[in-house]
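Heads up: the structure comes next, in structure tokens.
Derivation of every value follows stated rules applied to the coordinates shown; laboratory data play no part. Treat the numbers as computed from the prediction; the structure is a model and nothing was measured. So basically every Cβ, Gly included, is an ideal-geometry build from the backbone, and we count neighbours across all protein chains shown.
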Amino acid sequence: MATYIFGHTTPDSDSIVGAIALSYLKQELGEDTIAVRQGEINPETAFILERFNFQAPELKTSFAGEDVYLVDFSDLAQSPADIKEANILGIVDHHKLGDITTSTPLECWIRPVGCSNTIIKQMFDYHNITIPKDIAGMMMCAILSDTVIYKSPTSTKEDTKACKELADIVGIEDFKALGMEMFIVKSNVLSATKRELVLRDFKDFNMGQAKIGVGQLEVVDLSVFDNMKEELFEAMQQIKEEGERHTVLLLLTDIMVVGSQLLVLSDDGSKIEEAFNVKLENNQVWLDKVLSRKKQIIPFLEKLF
Ligand code: MG
Ligand code: MG
Ligand code: MG
């Protein structure tokens with residue numbers, strides 16, 4: 001019976017590439033594994049897959065009775081609905097420890113670095129397995145994406161080291177230029193519906209009694225959102241209601257200026273103001289220097305909820 005490897009719901013590049021790379025490593029180590037995905041491929045990931053000539057993993061959302069490895073998450077809210085009926089063999093992640101538990105011992109590679117693929121690179125090194133060029137290229141892109149080309153406060157020396165070594169394997173010298181090309185692809189938000197935009201990189205968190213959804217769009221120029229705020233709020237409202245969420249936040253992140261416009265829909269907006277020590281105006285506020293949801297947003301919400 002094959003073991004399935006997958007990342008979080010609404011998968012990002014780290015989740016997709018991480019599943020592919022970890023599956024390759026496990027196969028080299030003699031395990032029977034299959035990389036799968038829990039949701040649609042986003043435009044940035046499509047760009048990466050195309051650049052390195054790779055197929056997207058199959059969609060699979062039910063895992064009852066299956067053996068699984070998880071990549072890039074350990075939160076139930078980002079898991080398949082029947083994760084409690086799956087047998088979790090291992091977790092590779094770089095987020096806060098979530099609320100997933102297991103009934104048997106598991107292999108855990110959880111480290112405070114900027115990207116799951118940095119950890120997977122370290123696993124390849126640990127096992128002394130060579131990384132194929134195409135997979136190395138995709139892993140490099142995943143690291144550039146998650147660390148926002150090293151600008152994110154989550155980025156560490158281990159990420160830059162792993163990324164550089166992966167770039168050497170691929171033979172790409174100006175890998176930061178490729179990273180920038182990727183973010184320009186990511187900045188094309190005009191062809192998607194507002195709902196798709198809010199959900200493109202969206203994560204739910206269970207905080208106390210509250211379910212809080214936080215979306216993020218990282219672009220090279222925030223002016224692309226100038227005439228769509230109202231419609232974004234409408235989409236957020238719908239998503240808030242249908243998921244019975246206490247709060248829906250959307251971070252519009254400018255990776256060049258380095259900061260985020262935070263859009264807020266909440267049953268208690270004063271809690272959000274308290275969390276970030278700000279005053280909301282028209283349900284919005286500019287958060288200077290904020291690039292990272294996991295490091296600069298979630299911990300402050302966790303504290304209050
Ligand atoms: Mg991720
Ligand atoms: Mg990640
Ligand atoms: Mg991200």
**Complete:** For LYS84 and ARG51, extending 7 Å from Cα along the Cα-Cβ vector and measuring point to point gives, in nm, a value of 4.1 nm
**Request:** Pick out which of ALA46, ALA142, ALA21 has the largest mean-square fluctuation in a Gaussian network model of the chain, springs linking Cα atoms closer than 10 Å.
**Result:** ALA46
**Asked** Using +1 on the beta carbon of Lys and Arg, -1 on that of Asp and Glu, and nothing else charged, what's the dipole of the range 3-184 about the Cα centre, debye to 20?
**Response** 380 debye
**Complete:** Candidates SER23, SER191, SER79; GNM for the chain (alpha-carbon contacts under 10 Å) flags as most fluctuating SER191
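With runs of 4+ DSSP H residues as the only contributors, calculate the mean residue ellipticity of the chain at 222 nm using -39,500 (n - 2.57) per run, divided by the residue total and rounded to the nearest 500. Mind showing how you got there, number by number?
On the way: 11 runs with 117 residues, N = 305.
Helix contribution divided over all residues of the chain: -11500 deg cm²/dmol.
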**Protection proxy ranking of 29-39, 250-260 - average other beta-carbon atoms within 10 Å, highest first** = 250-260, 29-39
**Asked** Relative contact order of the range 3-184: what whole-number percent is it, with Cα pairs under 8 angstrom and at least 6 residues apart?
**Response** 21 percent
**Request:** Collect residues whose amide H, placed 1.01 Å from N in the peptide plane, falls under 5 Å from the amide H of ASP67; neighbours closer than 5 in sequence don't count.
**Result:** TYR4, ASN87
**Prompt:** Using the Cα gyration tensor of the range 3-184, with a ≥ b ≥ c the square roots of its eigenvalues, what is the shape: rounded (a/c below 1.5), prolate (a/b larger than b/c) or oblate (neither)?
**Reply:** prolate
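Kindly point out which whole DSSP H helices in the chain project their C-alpha atoms 15 angstrom or further along the helix axis while averaging a Kyte-Doolittle hydropathy of -0.5 or above.
13-28, 133-146, 175-186
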**Prompt:** Can you list residues whose amide H is under 5 Å from ARG37's amide H, if they're 5+ apart or on another chain and H is modeled 1.01 Å from N?
**Reply:** GLU58, LEU59, LYS60
**Complete:** For GLU231 and ALA64, extending 7 Å from Cα along the Cα-Cβ vector and measuring point to point gives, in nm, a value of 4.0 nm
**Request:** Obtain the radius of gyration and the Kirkwood radius of the range 194-304 from its C-alpha atoms and give Rg over Rh.
**Result:** 0.92
**Item:** Percent antiparallel among DSSP beta bridges (both partners in the chain, rounded to 5)
**Value:** 45 percent
**Item:** Positive-end residue of ALA136, TRP286, ILE172, charge dipole of the chain with Cβ unit charges
**Value:** TRP286
